Amino acid sequence: MKLYSWNVNGFRAVLNKGFWDWFHQADADVVGLQEIKATPDQLADQDRQASGYLDYWNPSQTKKGYSGVSCFTKVKPLDVGLELPHERFHGEGRVIRLEFPDFHFFNIYFPNGQMSPERLDYKLGFYDAFLEHAQDLRRSKPIVVCGDFNTAHKEIDLKNPKANSDTSGFLPIERAWIDSFIAAGYVDTFRIFTALPDQYTWWTYRYGARSRNAGWRIDYFFVSEELKPAVRRAWIEPDVQGSDHCPVGLELEL
C-alpha cells in the first residue's frame, strides 16, 4: 500500500495550486490531508470526490475555516472513527481513523502549542489521549499514524534548533513526548532510511525560508514496531508546492 500525508493549509487554496495534478500523479492507495479549513458543503463535487476513491471528512465544528482533516482511500475501510475517546478533544476536526484488514490508519492534525500555555497543555493532553487510544486499538492490530505532529523531534529535524529551544514545536517537554511515543513501540519510518540533516516538511512563509531550506520536519509517518518489517520506503517530497508543508509518503508491503 502506498500512503501519503499532507498538511495543505487550506484545501480550497491548494486546489488552485495543482493539487489534483499531484494527487493523480501520486496514485496513492490512501491520502490523509490536514488543515483543510473547509467543510464538504463548501466544495464542488469534483473537488470533494476523486474517481476511484472513497472520501471521509472531519471539519472543525468549533470554528469555521480552521483545522480539519480528510482522507481519500481506494480501499474501503472496515470502520471509520472521527474523534479520540476523550470529549475534551472533540470538535476541532483533528482525527480520522480508518480501520483496514491489516492495520488501523490514523490521519491526525495535532494541536499547535504556540498560542498560549493553555494551548500547550491542550496539545500535550491530546498527545497522551492519542497514545492511550492507539495502544488500546493496537491490541487487535498494528497502528499507522500520519500527519502534522507540530513538533520536531531532534536537533537534526530543524534548521535552527538553538534559536527555537524555547519555542513550542521544539520544547523539551514536547520532544520528550515523542521519545515516550517511540519508547512505547512506534517507529519514525523516515529515519529508518536516512540519518541525513536538512530534511524538512514545513517552512515558514517569511524570510524566504523555503528557498533557503530553513525548515522543520514536523510531518511524520509512524508505525507500531510490529509493522516495521512491512515498511518498504518512506520519503518526503519537498519540491511539491502549494502549501507551507510538503507531502510525505510511506509504502508498505503487507
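Yes/no per residue for (1) free of Cβ contacts under 8 Å to residues at least 24 places away in the same chain; (2) of a type in the set (A, V, I, L, M, F, W, C); (3) over 23 Å from V69 (Cα atoms):
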{"residue": "R88", "(1), (2), (3)": "no, no, no"}
{"residue": "F106", "(1), (2), (3)": "no, yes, no"}
{"residue": "A129", "(1), (2), (3)": "no, yes, no"}
{"residue": "Q135", "(1), (2), (3)": "no, no, no"}
{"residue": "V145", "(1), (2), (3)": "no, yes, no"}
{"residue": "T151", "(1), (2), (3)": "no, no, no"}
{"residue": "P161", "(1), (2), (3)": "yes, no, yes"}
{"residue": "P172", "(1), (2), (3)": "yes, no, yes"}
For the range 132-151 the number of residues that are open to solvent by less than 10 Å² (accessible area, probe 1.4 Å) and not aliphatic (A, V, I, L, M) is 5
Which ranges mark the strands (runs of 3 or more DSSP E) fully within the range 1-58 that have 1 or more residues being open to solvent by 40 Å² or more (accessible area, probe 1.4 Å) and of a type outside the set (S, T, N, Q)? 2-7, 54-58
Can you pull out every residue in the range 43-67 that is over 26 Å from Q135 (Cβ atoms) and under 17 Å from the mean Cα position of the chain (by Cα)? D55, W57, P59, S60, Y66
Checking the structure you have, find out if any residue of the range 90-97 is over 13 Å from the mean Cα position of the chain (by Cα), farther than 18 Å from W177 by Cα, in a loop (DSSP other than H, G, I, E, B) and of a type in the set (D, E). yes
Within the range 59-84, take every residue that is open to solvent by 20 Å² or more (accessible area, probe 1.4 Å) and aliphatic (A, V, I, L, M) and give me the one that is nearest to Q34 (Cα to Cα). L82
Given the conditions (1) in a loop (DSSP other than H, G, I, E, B); (2) open to solvent by 30 Å² or more (accessible area, probe 1.4 Å), report the number of the one that G169 does not fulfil. (2)
Subset tally (residues that are part of a loop (DSSP other than H, G, I, E, B), open to solvent by 10 Å² or more (accessible area, probe 1.4 Å) and within 22 Å of W57 (Cα to Cα)) for the range 103-125: 1
Pairs where the first residue, in the range 4-32, is at positive phi and the second is open to solvent by less than 40 Å² (accessible area, probe 1.4 Å) and part of a loop (DSSP other than H, G, I, E, B), C-beta under 8 Å, 6+ apart: N9/E35; N9/S243; N9/D244; G10/E35; G10/I36; G10/A38; G10/S243; G18/G242
Whether any residue in the range 127-144 is under 20 Å from K37 (Cβ atoms) and at pLDDT 95 or above is what I want to check. no
Is there any pair with a first residue in the range 177-204 that is among the charged types (D, E, K, R) and a second that is modelled with pLDDT of 95 or more and in a helix (DSSP H, G or I) whose Cβ atoms are under 8 Å apart and which are 6 or more apart or on different chains, and what are they? D188/I182
Can you tell me which condition W235 does not meet? The list is (1) closer than 22 Å to F130 by Cβ; (2) in contact with a Gly (Cβ under 6 Å, 6 or more places away or on another chain), and all the others hold. (1)
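The values are calculated or read from the model by the stated rules, or taken from the named source; none is laboratory data. Keep in mind the model is a prediction, meaning the values are calculated, not measured. Quick reminder, even Gly has a Cβ in these numbers, built from the backbone with ideal geometry, and neighbours come from all protein chains shown. Calculation scope for accessible area: heavy atoms of the full protein, side chains included, ligands and nucleic acids excluded. Shrake-Rupley method; radii C 1.70, N 1.55, O 1.52, S 1.80 Å.
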